[in-house]
Amino acid sequence: MSQTVAYNLIAIFSLLPAALVVHRKDASADHAHWAAIILGVMGTGVWALAQTSGQWQAGLSAALWVTVAVTMALFAMLSWSVKESWRLTPLIAPYMMAIGAFGLIWTHATQHGLQTGKMDGWVVLHIGVSVVTYGLVTIAAVAALAAFLQERALKSKRPTKLTHKLPSVADCEFLTVRLLGWGEGILGLGLVTGMAAEYQANGQFLVFDHKTVLSVSTFVVIGALLYAHHKTGMRGRKAARIVLLAYLLLTLGYLGVKVVTDVLLA
């Protein structure tokens, strides 16, 4: 077993306590829960930093691990500051483990390194904004999925062990709207920084490639959902489907391009 594979496995298993701790009887946001969350943040964060130290890795595996690390860090801050948000842990932790597993699978895919010291300031800002946006929308999509599962369990009158652990429908919808609001603002900043970086590099503000079209589409979809929620109070399964659509578009723009360039065309 190579060192890289071993480090990937350590990072993946650092999330396992978080995936299991919430399934204890009478689980709560106690010391054990926070110890598990902090372990997940540190385990994934250290591995992501190790891969990007000295240069930004534009490859798929590194992008996946940066996504996991940032999402876990954002989720930890959300759990600390917003009541009941910690109850999303039964969905967040296994999902992050799955993304980490894909990072392990594609460890040897083509990597494209870029020295951080040679990166333009607009590029650095754009990368940071993009990663944070994706992390926020990821958590929003998980909250929307939790609302969908809770609503389905209520309508069928068949709650499960999982739905008992998740936040209520109202709390899930509150989290989804708040996270999408933050994500929309930061995504707008990402589009502006992306145009600035493009102009700095090529003298053009906007290039209509796949990433740009998908990012703009995501911005429009999220904006439309937030407007509809504000004006009509749209919620429930219909809202959840639109959130998941926005997440799919953002995923295709953020990670889909890397799948094509690093895996399919490698």
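Do we have residue 176 as in contact (Cβ under 8 Å) with a residue 24 or more places away in the chain, of a type in the set (Ser, Thr, Tyr) and out of contact with any strand residue (DSSP E or B) (no Cβ under 9 Å at 6 or more places or on another chain) here? The answer is yes for residue 176. Number of residues in segment 150-172 that are within 18 Å of residue 93 (Cα to Cα) and among the aliphatic types (A, V, I, L, M): the value is 2. Residues in segment 144-167 that are of a type in the set (S, T, N, Q) and not in a helix (DSSP H, G or I): 1 in all.
What do you reckon, is residue 149 modelled with pLDDT of 85 or more and under 15 Å from the mean Cα position of the chain (by Cα)?
On the way: modelled with pLDDT of 85 or more: yes; under 15 Å from the mean Cα position of the chain (by Cα): no.
No.
State whether the residues of segment 81-100 include one that is at pLDDT 85 or above and farther than 22 Å from residue 145 by Cβ. No, there is no match, as no residue in segment 81-100 is at pLDDT 85 or above and farther than 22 Å from residue 145 by Cβ.
Conditions (1) exposed (fewer than 14 other Cβ atoms within 10 Å of the Cβ); (2) out of contact with any Cys (no Cβ under 9 Å at 6 or more places or on another chain), marked per residue:
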| site | (1), (2) |
| --- | --- |
| 150 | no, no |
| 156 | yes, yes |
| 180 | no, yes |
| 186 | no, yes |
| 211 | no, yes |
| 214 | no, yes |
| 218 | no, yes |
| 223 | no, yes |
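Which one of these is part of a helix (DSSP H, G or I), within 26 Å of residue 247 (Cβ to Cβ) and modelled with pLDDT under 90: 19, 62, 29?
Numbers: 19 fails: modelled with pLDDT under 90; 29 fails: part of a helix (DSSP H, G or I).
The conditions single out 62.
The values are calculated or read from the model by the stated rules, or taken from the named source; none is laboratory data. Owing to the predicted nature of the structure, the values given are computational and were not obtained by experimental measurement. Here the Cβ is made from the backbone with ideal geometry for all residues, glycine too, and neighbour counts use every protein chain on show.
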